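Report on one structure; see the data block that follows.
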2 protein chains.
Amino acid sequence: MADTQHGLDAPSPEPRIGIYDEEGYLAEDFLDRVKDAVDTDDQAYLRQTIAPLHESELGDVLRNLDHDQRQSLVRLMGEEFDYTALTEVDEAIRLSIVDAMPNEQVAEALRELDSDDAVYILEDLGEEDRKEILAKLPFRERLRLRRSLEYPEESAGRRMQTEFVAVPPYWTVGQTIDYMREEEDLPDSFAQIFVVDPTFKLLGAVDLDRILRAKRPEKIDEIMHETRHAIPAETDQEEAAQTIEQYDLLSAAVVDENDRLVGILTIDDVIDIVQQEAEEDIRRMAGLGDEEISDTVVTAARSRFLWLLVNLATAILASLVIGLFDASIQQMVALAVLMPIVASMGGNAGTQTMTVTVRALASRDLDIYNAGRIVRREVLIGLLNGAMFAVVIGVVAAVWFANVALGQVIAVAMIVNMLAAALAGILIPLVLDHFGADPAIASGTFVTTVTDVVGFFAFLGLASWWFSI
Amino acid sequence: MADTQHGLDAPSPEPRIGIYDEEGYLAEDFLDRVKDAVDTDDQAYLRQTIAPLHESELGDVLRNLDHDQRQSLVRLMGEEFDYTALTEVDEAIRLSIVDAMPNEQVAEALRELDSDDAVYILEDLGEEDRKEILAKLPFRERLRLRRSLEYPEESAGRRMQTEFVAVPPYWTVGQTIDYMREEEDLPDSFAQIFVVDPTFKLLGAVDLDRILRAKRPEKIDEIMHETRHAIPAETDQEEAAQTIEQYDLLSAAVVDENDRLVGILTIDDVIDIVQQEAEEDIRRMAGLGDEEISDTVVTAARSRFLWLLVNLATAILASLVIGLFDASIQQMVALAVLMPIVASMGGNAGTQTMTVTVRALASRDLDIYNAGRIVRREVLIGLLNGAMFAVVIGVVAAVWFANVALGQVIAVAMIVNMLAAALAGILIPLVLDHFGADPAIASGTFVTTVTDVVGFFAFLGLASWWFSI
């Protein structure tokens with residue numbers, strides 16, 4: 001999101017020990033002093049303490065204040081409040097601050113921000129507020145922000161920064177350096193300059209270290225490299241991040257449909273995206289939707305409800321399977337005691353395989369073509385572990401209920417369910433992925449449904465057949 | 001790991017359409033041609049096709065070859081093989097290539113690599129091989145690599161690159177630029193230069209764009225910024241990555257115990273670390289240990305066995321609880337049919353809460369001090385969803401078994417278990433974290449143990465009390 005640290009506006013150099021404790025959390029006494037100052041309207045203290053903070057530090061402070069304290073802090077800081085910090089907190093906190101501000105003041109704040117940060121704040125707002133705020137901005141800025149906002153959510157165009165340095169190919173290194181020395185209107189920081197033709201069509205890029213190593217008379221087009229990895233603005237942010245990451249680029253050019261340079265994605269955006277996407281996968285696998293920790297109880301409960309409802313349906317399906325064998329259970333109650341073990345082991349083994357599969361799909365280590373090898377691998381693992389746990393649980397059950405046949409039945413059921421777990425754990429995400437569904441979000445339910453149903457059916461079915469009950 | 005893309009050795013510029021398909025996987029026909037060439041010893045084709053590949057592309061190729069093909073490819077490529085690609089594949093593949101090479105040749109290969117990449121390869125090797133390879137390297141390189149290897153695994157010192165540009169504070173911008181123009185022995189690419197005193201004590205850093213904007217006579221110490229976020233070499237890589245990420249640094253200085261500059265961590269290392277750590281968390285939550293997709297069946301089965309064994313123990317514990325009520329089940333077999341529903345809903349709700357908690361701990365949004373608020377929040381969510389699902393499952397059970405009292409019993413049990421799930425989901429990771437255990441690795445088992453035991457006990461216990469059976 002933010003610009004990289006640099007000398008121009010580096011915070012005051014005195015050591016600011018005491019903001020974080022040893023664990024990396026905000027120090028309690030620091031936080032208490034800030035809260036006191038907010039509660040007592042101690043503007044002088046706040047401006048002196050908060051103004052030098054890095055945006056991420058201010059973000060941590062905001063996260064730890066309550067709703068009213070946040071608004072007071074923003075009001076007391078006035079022009080000294082660094083709105084970039086709003087890109088460091090989650091949506092609920094961001095909106096609680098921005099919604100309380102008059103649109104006039106929001107527009108004023110956005111003018112100080114890089115375009116990507118401004119878009120980040122604008123995109124969460126309601127249609128009406130957004131229009132009103134944009135109308136209050138100068139023409140060029142309005143145009144830039146509107147263009148970013150027209151690209152789809154989570155696209156490269158939405159995430160890009162529209163401030164960059166671009167020069168023509170026929171300039172010399174000397175001309176370029178002189179331009180950078182004299183031009184006032186440069187981005188806060190940059191690691192690359194781009195080379196464009198008069199229509200802004202992208203020709204190439206030069207890393208700054210390359211310029212510093214070149215002699216003044218050398219031409220830019222002699223030292224530039226072709227930008228083979230320019231990113232179309234409509235590209236999904238995850239795909240864009242993968243490109244930048246794969247080729248270890250410091251920043252990547254974002255181009256429109258006519259190959260014209262419209263913005264850049266910097267590597268710190270990529271880190272944010274990589275983290276965001278990994279978080280999303282983790283949350284989806286646990287059935288959490290897009291919940292954030294600052295969401296209200298009702299919002300969070302609602303977002304978890306759907307997943308639990310799906311789980312209820314599959315649990316009832318498993319119960320129906322058990323119901324088929326109620327006569328057997330009544331005659332041999334040990335079956336009811338043991339049956340959750342078979343289901344639970346299958347569920348866990350299936351989740352292991354599923355996690356391997358989902359992550360291999362995400363990192364593109366796996367596709368429908370090399371699936372055969374992986375299926376064989378997982379089936380073998382399932383057989384191996386199935387066999388081992390069959391022996392363990394077989395012995396346990398035989399001893400526990402003094403019934404060797406029962407031990408044999410549960411052993412066979414265990415092997416069957418571990419195999420089912422392996423197959424379900426790999427095939428379900430693969431098929432979902434093949435049909436364009438996100439394997440992270442939906443696999444879990446299907447996999448445990450399979451292992452529950454197969455587990456109960458194999459164990460109870462085998463038992464009722466074996467014991468003829 | 002690797003250096004950023006730059007002009008000096010940019011691959012040939014012809015468009016290389018056909019390496020990847022539209023989905024981002026290696027294109028099948030490209031891969032087939034490479035495999036053919038490997039199998040028929042077509043050295044000319046390989047050198048022409050493989051040599052211009054980016055290290056990450058070569059890594060993808062290696063991943064898709066089998067063991068023998070990989071070794072043939074390395075042999076056929078000879079000096080044209082880019083060993084940096086070994087940092088792009090996982091350990092099993094890396095070792096399968098390096099172990100097959102004579103140590104002499106490994107030493108030769110390492111000399112061409114940046115120090116961080118060389119360390120990456122060396123650290124996986126056996127003690128003996130490592131010593132022999134190091135002995136074959138020139139004195140200065142040996143010294144550097146040994147120093148990195150002496151730092152703990154996954155520390156900043158182990159991951160750092162020892163090639164960097166450092167200048168004295170009294171140099172002018174002009175002197176610095178002239179130095180960079182003339183010096184041959186600069187790193188392949190860099191985004192920052194560091195300022196040190198004669199003992200190499202770190203004084204500050206200057207981003208390259210700052211140098212390009214400054215006039216030639218300006219002194220370096222006038223434009224440098226203090227490096228407030230220098231990273232002690234012993235720091236854990238995850239913590240180091242968090243610092244770089246929090247302050248959006250392009251690269252961070254790594255210092256020894258006397259504050260002397262010993263290396264740098266670049267932002268592309270940070271991306272690798274961020275991804276690696278997110279992967280680790282996902283794998284740990286699923287009980288996968290450090291398994292990689294290229295591990296053999298036996299290795300993978302073994303690494304999953306332990307987790308499944310723990311799960312077996314907790315499943316047996318849950319069965320013991322069921323066993324307490326075998327008389328009740330025999331009298332009312334509907335209990336056996338319904339009991340997995342209560343346990344399963346609790347398990348899922350607990351996993352949701354646990355995932356929120358584990359991630360909030362990882363991102364430091366949560367600590368033991370603000371836990372009160374989060375516990376309240378989760379308990380409320382548990383109550384809300386518990387109440388809703390109590391109604392649903394109560395009605396379902398009452399209708400299914402034509403028994404209103406049974407519906408009431410399961411409804412109460414559901415609320416009890418959802419509350420238990422909320423408490424277990426938040427308190428177990430918090431306590432584990434408080435005592436220094438990794439909450440990601442151990443929480444899952446404990447949480448589902450609690451929800452299984454409480455679920456079975458609440459439902460069966462309530463039923464046997466209610467129906468006096």
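The values are calculated or read from the model by the stated rules, or taken from the named source; none is laboratory data. Treat the numbers as computed from the prediction; the structure is a model and nothing was measured. Heads up, the Cβs are rebuilt from the backbone with ideal geometry, glycines too, and the neighbour counts pull from every protein chain shown.
Applying the set (1) in contact (Cβ under 8 Å) with a residue 40 or more places away in the chain; (2) not in a helix (DSSP H, G or I) to A:Met418 leaves exactly one unmet item: (2).
The residues of region B:194-232 that are touching a residue at least 40 places away in the same chain (Cβ under 8 Å) and within 11 Å of another protein chain (Cβ to nearest Cβ), listed by number, are B:Ala205, B:Asp207, B:Ala214, B:Lys215, B:Arg216, B:Glu218, B:Ile220, B:Asp221, B:Ile223, B:Met224. B:Ile133 falls short on exactly one of the conditions (1) surrounded by 19 or more Cβ atoms within 10 Å (Cβ to Cβ); (2) modelled with pLDDT under 90, and that condition is (2). Among residues of region A:95-122 that are over 17 Å from A:Leu145 (Cα atoms), those with a Cβ under 7 angstrom from a residue that is assigned to a loop (DSSP other than H, G, I, E, B) and of a type outside the set (Asp, Glu), sequence gap 6+ or separate chain, pair up as A:Val98/A:Leu125. Scanning region B:177-193 for residues that are more than 8 Å from chain A (Cβ to nearest Cβ), within 38 Å of the chain's Cα centre (by Cα) and not charged (D, E, K, R) yields B:Pro187, B:Gln192, B:Ile193.
Residue by residue, here is whether (1) over 22 Å from B:Thr296 (Cα atoms); (2) at the interface with another protein chain (Cβ under 7 Å from one of its Cβ atoms); (3) not in a helix (DSSP H, G or I) holds:
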| residue | (1), (2), (3) |
| --- | --- |
| A:Ile282 | yes, yes, no |
| A:Ala318 | yes, yes, no |
| A:Val321 | yes, no, no |
| A:Val342 | yes, no, no |
| A:Met354 | no, no, no |
| A:Arg359 | no, yes, no |
| A:Arg376 | no, no, no |
| A:Leu380 | no, yes, no |
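Test A:Ala301 against the criterion of being over 30 Å from B:Phe325 (Cβ atoms), within 7 Å of another protein chain (Cβ to nearest Cβ), in a helix (DSSP H, G or I) and hydrophobic (A, V, I, L, M, F, W, C), and give yes or no. Yes: the conditions hold for A:Ala301. With respect to the conditions (1) more than 12 Å from chain B (Cβ to nearest Cβ); (2) surrounded by fewer than 18 Cβ atoms within 10 Å (Cβ to Cβ); (3) under 30 Å from A:Ile441 (Cα atoms), A:Leu419 falls short on a single one, namely (2). Quick check: is even one residue across region B:302-313 assigned by TED's automatic domain parsing to the domain that holds B:Ile441, modelled with pLDDT under 90, among the polar types (S, T, N, Q) and surrounded by fewer than 19 Cβ atoms within 10 Å (Cβ to Cβ)? Checking region B:302-313: not a single residue is assigned by TED's automatic domain parsing to the domain that holds B:Ile441, modelled with pLDDT under 90, among the polar types (S, T, N, Q) and surrounded by fewer than 19 Cβ atoms within 10 Å (Cβ to Cβ).
Here region B:384-397 is the region considered, the condition is being among the hydrophobic types (A, V, I, L, M, F, W, C) and at the interface with chain A (Cβ under 9 Å from one of its Cβ atoms), and the residue that is nearest to B:Leu366 (Cα to Cα) is B:Leu384.
Quickly run through region B:161-178 and pick out the residues that are in contact with a helix residue (DSSP H, G or I) (Cβ under 7 Å, 6 or more places away or on another chain) and in a helix (DSSP H, G or I). Those that are in contact with a helix residue (DSSP H, G or I) (Cβ under 7 Å, 6 or more places away or on another chain) and in a helix (DSSP H, G or I): B:Val173, B:Thr176, B:Ile177.
Every test in (1) surrounded by fewer than 21 Cβ atoms within 10 Å (Cβ to Cβ); (2) assigned to a helix (DSSP H, G or I); (3) modelled with pLDDT under 90 is passed by B:Val447 save one, and that test is (1).
Residues in region A:179-229 that are acidic (Asp, Glu), over 19 Å from B:Ala191 (Cβ atoms), assigned to a loop (DSSP other than H, G, I, E, B) and out of contact with any strand residue (DSSP E or B) (no Cβ under 9 Å at 6 or more places or on another chain): A:Glu183, A:Glu184, A:Asp185.
Only residues that are buried (at least 23 other Cβ atoms within 10 Å of the Cβ) and either of a type outside the set (Gly, Ala, Ser) or more than 7 Å from every other protein chain (Cβ to nearest Cβ) (or both) were counted across region A:323-340, and they come to 7.
What do you reckon, is B:Ala240 among the aliphatic types (A, V, I, L, M), in contact (Cβ under 8 Å) with a residue 12 or more places away in the chain, more than 9 Å from chain A (Cβ to nearest Cβ) and part of a helix (DSSP H, G or I)? The answer is yes for B:Ala240.
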